[in-house]
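Engineer: I have a structure here, written as structure tokens, and I will follow up with some questions on it.
The values are calculated or read from the model by the stated rules, or taken from the named source; none is laboratory data. As the structure is a computational prediction, the values presented were derived from the model and not from experiment. Note: ideal-geometry Cβ built from the backbone for every residue, glycine included; neighbour counts use all protein chains shown.
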Amino acid sequence: MMHQSDKDLKIEVKVDESVATGTYVNFSNISHSPEEFVLDFIFVHPAPPPGFGKLMSRVILSPSHAKRFLLGLKQNIEEYEERFGKIDFRANGDESGRLQ
């Protein structure tokens, strides 16, 4: 999500080759303190039970940036669903709606 002042801001972003390909995750955990939000992105290997998980990335945000991130993600999900249809986040059989 871009704010009016962000549109005028020009930042050259350098991307390390190891980061450019991205990282797949299938589980996440979010925690917070008064000063920050911590987003853990985890890959849970499904087999064999009990399986195992590996923390792939931890992102720490200030509360104001976490809110901007939420608004930007919401906007992108709305655009995605407009183009491709509603996302069924319970398709994996988890009816609780918990974050995965």
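Engineer: Considering segment 48-71 alone, what residues qualify as being outside any helix (DSSP H, G or I) and within 13 Å of the chain's Cα centre (by Cα)?
Structural biologist: Kept after step one, since they are outside any helix (DSSP H, G or I), are these residues of segment 48-71: 48-62.
Hits for segment 48-71 are 56, 57, 58, 59, 60, 61.
Engineer: Among the candidates 19, 25, 13, which residue alone is in a loop (DSSP other than H, G, I, E, B), more than 22 Å from residue 90 (Cβ to Cβ) and not basic (Lys, Arg)?
Structural biologist: Details: 19 fails: in a loop (DSSP other than H, G, I, E, B); 25 fails: more than 22 Å from residue 90 (Cβ to Cβ).
The match here is 13.
Engineer: In addition: What pairs can you find where one residue is in segment 2-23 and modelled with pLDDT of 85 or more and surrounded by 10 or more Cβ atoms within 10 Å (Cβ to Cβ), the other is among the aliphatic types (A, V, I, L, M) and not in a helix (DSSP H, G or I), and their Cβ atoms are less than 7 Å apart, with a gap of 6+ or different chains?
Structural biologist: Pairs that qualify, where the first residue is modelled with pLDDT of 85 or more and surrounded by 10 or more Cβ atoms within 10 Å (Cβ to Cβ) and the partner is among the aliphatic types (A, V, I, L, M) and not in a helix (DSSP H, G or I), are 23/56.
Engineer: Please go through segment 24-51 and pick out each residue that is at pLDDT 95 or above and loosely packed, with under 10 Cβ neighbours inside 10 Å.
Structural biologist: 24, 31, 33, 34, 35
Engineer: Checking residue 40 against (1) in contact (Cβ under 8 Å) with a residue 24 or more places away in the chain; (2) of a type in the set (Asp, Glu); (3) under 24 Å from residue 87 (Cβ atoms), only one condition comes out false. Which one?
Structural biologist: (1)
Engineer: Would you please name the residue that is modelled with the highest pLDDT, looking only at residues in segment 72-100 that are assigned to a loop (DSSP other than H, G, I, E, B) and under 23 Å from residue 31 (Cβ atoms)?
Structural biologist: Quick first cut of segment 72-100, residues assigned to a loop (DSSP other than H, G, I, E, B) only: 85-100.
Filter once more, keeping what is under 23 Å from residue 31 (Cβ atoms): 89, 92, 94, 96-100.
Working: 89: 80, 92: 60, 94: 57, 96: 55, 97: 52, 98: 54, 99: 49, 100: 44.
Only one residue tops the list, namely 89.
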